[in-house]
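Worksheet: the structure to be examined is printed underneath.
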Amino acid sequence: MSKKKEYIAIISEGEKTEKQIINNLENNFTTFSNKIIFLSYKANIYNLFKEIEEDEDIDIISLLKEKQIKANKIRNDVENIDVSNINSDDISQIYLFFDYDGHTENASDEEIVKMLNKFDNETENGKLYISYPMVEALKHLKKDKLDINNYLVEAKTRINYKNFVSQNTDYENLVNLTKGNWFFIISENLKRCLFLFELEKSINYAVYNNIINQKSIFNKQLDKYISKEEKVLVLSAFPFFLIEYFGEEFFSLVVS
């Protein structure tokens, strides 16, 4: 009997940008090839959490399948995603990628804490990764403007961040990212994170693994910037996902 194929479910807020990122990851990192099932919730993390809290027994994969089927029927502006053969039993890992979205009407830092506690294991409820302030943080990087002050942005007001990033990026086309681009982007996000934690740039993986995670990143953002200045340090969720997914050897490649 052939071994059952186990898939990785990637659940995101949006459809276009996130799908481009996932497709690129599959192209550059063969580990993910033909293993990722992409599903979009089509609303922010606060709405998702509210829906889940109202029904503790909810099957998040079935919920997302239903939303995708409806979107496939009524929307022409995004790529149809075939979910007909997806079953929860086929999913071995669930990862959620959502925006901080501090400017939205239903935003709540208290709810973020609850979400990070609930979604803290990819083999159970799922593992949540947050982009600050939103998914476009991945391409918010210019090689001639690496100073931290260039990557502090308003967190609680609408600043048309997508347009701002389009004028402050060397990586506008996410489809064409190379593995070398990824390593540079991951390295720069790591440097920003180490600054956030006031850590030396030469830390080893054991120190990183012991100190830095999605909960501690949020708490540092909250204490250092959100509470005091209503700002966030721009950090993409995807670099930290890749470091945690691939582990020490990958971390060493990034820091080298």
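The values are calculated or read from the model by the stated rules, or taken from the named source; none is laboratory data. None of the values given here were measured: they were computed from a predicted structure. Using ideal geometry, Cβ is built from the backbone for each residue, glycine included, and neighbour counts are taken over all protein chains shown. In case anyone asks, the SASA skips ligands and DNA or RNA and just uses the protein heavy atoms, side chains included. Shrake-Rupley method; radii C 1.70, N 1.55, O 1.52, S 1.80 Å.
Each row is one residue, and each column tells you yes or no for (1) open to solvent by 60 Å² or more (accessible area, probe 1.4 Å); (2) over 16 Å from the mean Cα position of the chain (by Cα); (3) at pLDDT 95 or above.
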residue	(1), (2), (3)
ASP170	yes, yes, yes
ASN181	no, yes, yes
LEU190	no, no, yes
LYS220	yes, yes, yes
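Pairs are defined by a Cβ separation below 6 Å, a sequence spacing of at least 6 or placement on different chains, a first member in the range 52-73 that is loosely packed, with under 14 Cβ neighbours inside 10 Å, and a second member that is assigned to a helix (DSSP H, G or I); the pairs so defined are ILE58/ILE52; ASP59/SER88.
Restricting attention to the range 22-50, the residues that are of a type in the set (Ser, Thr, Tyr), open to solvent by 20 Å² or more (accessible area, probe 1.4 Å) and assigned to a helix (DSSP H, G or I) total 2. Listed by first and then second residue, the pairs linking a residue in the range 92-121 that is within 24 Å of ASN160 (Cβ to Cβ) to a residue that is of a type in the set (Lys, Arg), with Cβ atoms under 8 Å apart and 6 or more places separating them unless they lie on different chains, are GLY102/LYS156; HIS103/LYS156; HIS103/ARG158; ASN106/LYS50; ALA107/LYS156.
Check the range 156-164 and report whether any residue there is out of contact with any Leu (no Cβ under 7 Å at 6 or more places or on another chain) and within 22 Å of PHE29 (Cβ to Cβ). No, that holds for no residue. Listed by position, the helices (runs of 4 or more DSSP H) inside the range 160-213 whose residues that are over 13 Å from PHE251 (Cβ atoms) number at least 2 are 161-166, 179-197. Please go through the range 223-239 and give me each residue that is over 18 Å from the mean Cα position of the chain (by Cα) and assigned to a helix (DSSP H, G or I), ordered by number. Listed by number, the residues that qualify are ASP223, LYS224, TYR225, ILE226, SER227, LYS228, GLU229.
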